[in-house]
Amino acid sequence: MSFEILMNGVGDAFSTDHFGTNFLARKQDFVLAVDCPDSYRNALNANDFKHGDGALAVEHIDAMIITHLHGDHVNGLEMVAAYRRFAKGGRLKLYTSPEVAEVLWDRRLAVSLGTLYNGETFETMQLEDFLEMHVMAWDEEISIGPFTIAIRRTLHHIPAMAMRISDGQATLGYSCDTVFDPELIDWLQDSELVLHESTFGVAHTPLYKLLELPEPLREKMLVVHYPDEMIGAEIDGLTLASQGEIYAVGKSD
Ligand SMILES: [Zn+2]
């Protein structure tokens, strides 16, 4: 296959039966994580993805993208960054939008990670102590390991990014959190695999809108970010992504 998607969570913000939607794109040994909800390491443990001789863990992540600052996409970052800094894996490479990069430290992580007691005095910590930050431009593709990534603003409560992740052979399209947006669908639909959100609320996409899409597009689409109420539903014409599953993007080499 061209590359694979490890589906580490498929739930929405209020899910209790699933972890919040997040996934990892893996090509050979390179691991690119997308989003970091609550209980991130618990999710990796529960899903038990194989990696090398053992199980995939936080220290194997080569880079992480944060799409936006809602908790079900970023609440796990504090402890992942701390674990990497103090336990295993070293400083995390983090990629995000200009809007998120501007406030991530001052208005979120510094509240808890900004001061460290070393046994004698209180040290002031900086973002750079935990993260190697890379700001993604809205109008430029960026290379991360074997992947090229293009991002696009979605219509959501706060700035959020849809993305196309390509390895040069195949492309994954990811809607991120968004209202139903035909222009976004256009932007995503050439991809070999499309992950599209669906949940309740005016800033999200209702399922019936996805069911109205053309069949060839629905056939390569997996619904993510869905509420517990949808679990087990027989939906004619759409497939719900399964947490813990590994999906191929593109054909076998
Ligand atoms: Zn959101």
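Annotations for the structure displayed:
- Total charge dipole magnitude, the chain, about the Cα centre, Cβ charges on Lys, Arg, Asp, Glu only, Debye to nearest 20: 440
- Computed from Cα atoms, the angle from the helix 77-86 axis to the main principal axis of the chain rounds to 40 degrees.
- Pairwise FRET efficiency - Thr16 versus Val111, Cβ, R0 = 22 Å, nearest 0.05: 0.25
- Computed over the chain, the range of Cα coordinates on each principal axis works out to 64, 41, 37 Å, biggest value leading.
Each reported figure results from applying straightforward, stated rules to the coordinates on display, with no laboratory input. Worth saying up front: this structure is predicted, and the values here are computed from it rather than measured. With ideal geometry, Cβ positions are generated from the backbone for all residues, glycine too; neighbour counts draw on all protein chains shown.
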